[in-house]
1. So which residues in region 91-104 are within 16 Å of the ligand (Cβ to nearest atom) and surrounded by fewer than 21 Cβ atoms within 10 Å (Cβ to Cβ), if there are any at all?
2. Which members of region 44-60 meet the condition of being surrounded by fewer than 17 Cβ atoms within 10 Å (Cβ to Cβ) and either of a type in the set (Val, Ile, Thr) or within 19 Å of Ser294 (Cα to Cα) (or both)?
3. With the condition kept exactly as written, say whether any residue in region 272-284 is within 21 Å of Tyr127 (Cα to Cα) and of a type in the set (D, E, K, R).
4. How many of the residues making up region 100-137 are out of contact with any Gly (no Cβ under 8 Å at 6 or more places or on another chain) and either of a type outside the set (Phe, Trp, Tyr) or farther than 17 Å from Asn193 by Cα (or both)?
5. Looking at this structure, is Phe173 buried (at least 16 other Cβ atoms within 10 Å of the Cβ), outside the structural domain of Tyr134 (by TED's automatic domain parsing) and under 30 Å from Phe287 (Cα atoms)?
6. Can you spot a residue in region 31-44 that is modelled with pLDDT of 85 or more, at positive phi and in the same structural domain as Asp105 (by TED's automatic domain parsing)?
7. Identify, from the list Ile107, Ile63, the residue that is buried (at least 19 other Cβ atoms within 10 Å of the Cβ), away from the ligand (no atom under 16 Å from the Cβ) and under 18 Å from the mean Cα position of the chain (by Cα).
Amino acid sequence: MIIYPQDEESINRKILSILENATRKSKAKRYKCFIPDCNEGAINSHSQSKNSLKNISENGHIITSISKSFYQYIRNPFHEIGINDASCFKGFCPQHDREYFNKADNIDVNSLNGKVLDELAFRTFAYEIRTKEYILEECRVVKKQVDRKLGNSRLIREKLEWYFANGVGVKNFLAVTYPFYMKKWEPFYKNKNCGIVKHIVFSFDKNIGLSTSTSIDLNPIIEEESIELQNLMCPRPFAFLNIVPREDLTIAALSYFPEQEKLVNELIKKSKSLVQIIFNYCEEILFKPSFFDSFPEDMKKEIKRGLSGWAFWKEIDFSTFSELSSFVLTSPQYIN
Ligand SMILES: [Zn+2]
């Protein structure tokens, strides 16, 4: 039987429950190991190493900027999460998880080399792709549910328009950008060759209280006039940012495919401080709870605004924010 909702509030409630149900279903699905030709199921991997998470945790908890649902994101995306659940994704089978990321999980200044940084970047890439696969699966479930439960209500279709539009973007990314870069990674996942991506590393002599492992969309760096040259058939330019906090130091590694070098250098030049990149270009940031709590309310609002950059991108100036602005991007180390 098709139930037609009576009023806007009940429609919103139904949409919310459909979206949350879809998120649950999408994450519960079996996903194959990310390594091509491996048919094993993927277990929950951490996109960020447990060591990093421990270094910013308090009583086993951290604050994450990743919301459980779109509606939570609108209200307040930041919430506390246990380190066992933070940054988890179904990425690799147990064997490949051990085989490829053993070194990346124990990175420190003495082990900074191309191989370890390639591992970090590849895992960040896998995380980005899998997250998009989650979204696509979610869209599929939502569409099915809407058709089945809510009939052809115009209001519902309109309300979900943004959602399906996002799904089209994600689908396109998986069809065009993913295979383009996956091909480039082939020597890494087939023969463990490194040198696929280049790395610029900045070190800071304290634990800066946050961590991230994220893909950065470089489109906003491109001059506006040339954006029109980008079409849906072009792979999107992106880089990877890994902020790795250690007990008394922090490593920030920007990794990128050689053809993106110019854009990455522009990003560094215009950003000047690390915080400018993190809060404007990263979607998932993990904070030490007491550090996050120390931010003034207006700063939290600005960070939330920065996180929503994917929707209406405009760079926010974080240069006056607390001690974070003192982490200036100087003395880069170039590692291939
Ligand atoms: Zn595998």
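1. Cys93, Pro94, Gln95, His96, Arg98, Glu99, Asn102
2. Glu58, Asn59, Gly60, listed by residue number.
3. Residues of region 272-284 that are within 21 Å of Tyr127 (Cα to Cα), as a first pass: 277-284.
Within this subset, residues satisfying the condition of being of a type in the set (D, E, K, R) are 283-284.
Yes; the residues of region 272-284 include at least one that is within 21 Å of Tyr127 (Cα to Cα) and of a type in the set (D, E, K, R).
4. Within region 100-137, the subset out of contact with any Gly (no Cβ under 8 Å at 6 or more places or on another chain) is 100-113, 115-117, 119-122, 124-125, 128-129, 131-134, 137.
The next check asks that each one be either of a type outside the set (Phe, Trp, Tyr) or farther than 17 Å from Asn193 by Cα (or both); those that pass are 102-113, 115-117, 119-121, 124, 128-129, 131-134, 137.
The qualifying residues number 26.
5. Numbers: buried (at least 16 other Cβ atoms within 10 Å of the Cβ): yes; outside the structural domain of Tyr134 (by TED's automatic domain parsing): no; under 30 Å from Phe287 (Cα atoms): yes.
When the stated conditions are applied, Phe173 does not pass them.
6. Applying the first criterion (modelled with pLDDT of 85 or more) to region 31-44 yields 31-44.
If we keep only those that are at positive phi as well, we get 37.
Restricting the remaining residues to those that are in the same structural domain as Asp105 (by TED's automatic domain parsing) gives 37.
Checked region 31-44: at least one residue is modelled with pLDDT of 85 or more, at positive phi and in the same structural domain as Asp105 (by TED's automatic domain parsing).
7. Working: Ile107 fails: under 18 Å from the mean Cα position of the chain (by Cα).
It is Ile63.
Residues are listed down the side, and each one gets a yes or a no for (1) surrounded by 16 or more Cβ atoms within 10 Å (Cβ to Cβ); (2) among the small types (Gly, Ala, Ser):
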| site | (1), (2) |
| --- | --- |
| Asn242 | yes, no |
| Pro245 | yes, no |
| Ala252 | yes, yes |
| Ser255 | yes, yes |
| Lys262 | no, no |
| Glu266 | no, no |
| Lys272 | no, no |
| Glu284 | yes, no |
| Glu297 | no, no |
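The values are calculated or read from the model by the stated rules, or taken from the named source; none is laboratory data. All of these numbers come straight from a predicted model, not from anything done at the bench. Ideal geometry is used to build each Cβ from the backbone, glycine not excepted, and the neighbour counts take in all protein chains shown.
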